[in-house]
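Participant: Okay, here's the structure, questions in a sec.
The values are calculated or read from the model by the stated rules, or taken from the named source; none is laboratory data. On a predicted model such as this, the values are computed, not experimentally measured, just so you know. As a convention, Cβ positions derive from the backbone with ideal geometry for all residues, glycine included, and neighbour counts pool all protein chains shown. Surface areas here come from the heavy atoms of the whole protein model, side chains and all, with no ligands, DNA or RNA. Shrake-Rupley method; radii C 1.70, N 1.55, O 1.52, S 1.80 Å.
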Amino acid sequence: MYQDMDNDLISIEELCQRLMIGKNMAYHLLNTKEIAAFRIGRSWKIPVKSVNDYIANNSYNKQQPD
């Protein structure tokens, strides 16, 4: 049941790698809640789904109405 949960959360470093951004920009996205995440102690935990949603919502390839 919980075997895949480890892959559902990523760290701030992994977020930076996935989006090819620096840590300052990553913290900005998290602090402004543009990417949904939560903290455990001092560590950010970022659901992969929230990263995928951010990418989809900010993509220039979205279908435009005709």
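Participant: Among the residues of the stretch 43-62, which ones are modelled with pLDDT under 95 and of a type in the set (K, R)?
Facilitator: Once the filter is applied, which keeps residues that are modelled with pLDDT under 95 and of a type in the set (K, R), the stretch 43-62 yields only K62.
Participant: Still on this structure, I have one more. Filter the stretch 10-21 down to the residues that are outside any helix (DSSP H, G or I) and of a type in the set (V, I, T), then identify the one that is surrounded by the most Cβ atoms within 10 Å (Cβ to Cβ).
Facilitator: Only one residue tops the list, namely I10.
Participant: Hey, N24 hits all of (1) modelled with pLDDT under 95; (2) in a helix (DSSP H, G or I); (3) surrounded by fewer than 10 Cβ atoms within 10 Å (Cβ to Cβ) but one; which does it fall short on?
Facilitator: Only one criterion is unmet by N24, namely (1).
Participant: Any idea how many residues of the stretch 28-51 are assigned to a helix (DSSP H, G or I) and open to solvent by less than 80 Å² (accessible area, probe 1.4 Å)?
Facilitator: 5
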